[in-house]
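The values are calculated or read from the model by the stated rules, or taken from the named source; none is laboratory data. Quick caveat: nothing in here was measured; it's all calculated off a predicted structure. Here the Cβ is made from the backbone with ideal geometry for all residues, glycine too, and neighbour counts use every protein chain on show.
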Amino acid sequence: MPVNRYTIPSIVLHWTMALAILLAWGGMQIAEDLSRGPTKALVEGGHALFGLGVLALLLPRILARLLGRRVTAPEGTPEWEVRLAAATHLLLYALMLALPVTGLLTAMSGRGPFDLAGLGAIPNLLTSYGLRGTLKGAHELLANGLIAVVALHVAATLFHTFIRRDDVAARMIPGLARRDAAPTA
């Protein structure tokens, strides 16, 4: 019997990470409009905390994906689509690793320790290397790349839902799951 739904741990990790990514991105959109000061520092610290949260959840997410049974493609899906979906997922995982790492390195290259919204600070161990501009640029480029790949991911899900009318969305959204679709072990 083909497996047509992700495990509960995979679903929880998917949506928790999606929310953390959304909040990290949203925080920086707000921070860019703020002038220097404690409010901006707090929002930027929150951005960093959500980014570190994504990084912390990435290993469990990868393990859940590797150790869980594979979800099969809907019947009749062309091979090129299966390969594109696999490449997109791989790129999402790579970006979910690279983005927090470049963010952490950017924070470490600042003039002073980077405040994590009053919960701690990231030391500025890389200040003397003069890499802040390069690291910040890489972080922003990767963020734009993540937004693009997430948009592709969402567009593909919507395509499957409204054009193909298959169960792709129901695999990751429990409320949409078919009654005969049991979660994998």
- Query: Is it true that some residue in segment 91-103 is touching a strand residue (DSSP E or B) at 6+ places or on another chain (Cβ under 6 Å) and among the aromatic types (Phe, Trp, Tyr)?
  - Reply: no
Filter segment 1-45 for residues that are among the charged types (D, E, K, R) and closer than 16 Å to Ala117 by Cα; the one that is surrounded by the fewest Cβ atoms within 10 Å (Cβ to Cβ) is Arg36
The number of residues in segment 48-73 that are surrounded by 16 or more Cβ atoms within 10 Å (Cβ to Cβ) and either within 10 Å of the chain's Cα centre (by Cα) or in contact (Cβ under 8 Å) with a residue 24 or more places away in the chain (or both) is 15
Ala117 meets each of (1) farther than 21 Å from His153 by Cβ; (2) modelled with pLDDT under 95; (3) part of a helix (DSSP H, G or I); (4) not charged (D, E, K, R) with one exception, condition (3)
By residue number, the members of segment 153-167 that are surrounded by 14 or more Cβ atoms within 10 Å (Cβ to Cβ) and under 27 Å from Leu99 (Cα atoms) are His153, Ala156, Thr157
Flag if Thr134 is polar (S, T, N, Q), surrounded by fewer than 17 Cβ atoms within 10 Å (Cβ to Cβ), modelled with pLDDT under 95 and not in a loop (DSSP other than H, G, I, E, B): no
Condition check: part of a loop (DSSP other than H, G, I, E, B) and of a type outside the set (Phe, Trp, Tyr). Does Thr16 satisfy that? no
Taking Arg69, is it of a type in the set (Lys, Arg), assigned to a loop (DSSP other than H, G, I, E, B) and touching a helix residue (DSSP H, G or I) at 6+ places or on another chain (Cβ under 6 Å)?
no
Note to self: So for segment 39-50 (the condition being in a loop (DSSP other than H, G, I, E, B) and hydroxyl-bearing (Ser, Thr, Tyr)), does at least one residue qualify?
What the structure shows: no
In the set Ala98, Ala143, the lone residue that is within 22 Å of Lys40 (Cβ to Cβ), of a type in the set (Gly, Ala, Ser) and surrounded by 15 or more Cβ atoms within 10 Å (Cβ to Cβ) is Ala143
Note: among Leu104, Leu92, just one is under 14 Å from the mean Cα position of the chain (by Cα) and either surrounded by 14 or more Cβ atoms within 10 Å (Cβ to Cβ) or closer than 22 Å to Leu58 by Cα (or both), namely Leu92
When (1) under 25 Å from Met17 (Cα atoms); (2) of a type outside the set (Asp, Glu); (3) surrounded by 15 or more Cβ atoms within 10 Å (Cβ to Cβ) are applied to Ala87, the one that fails is (3)
The correct count of residues that are more than 18 Å from Arg65 (Cβ to Cβ) and of a type outside the set (A, V, I, L, M) in segment 7-28 is 3
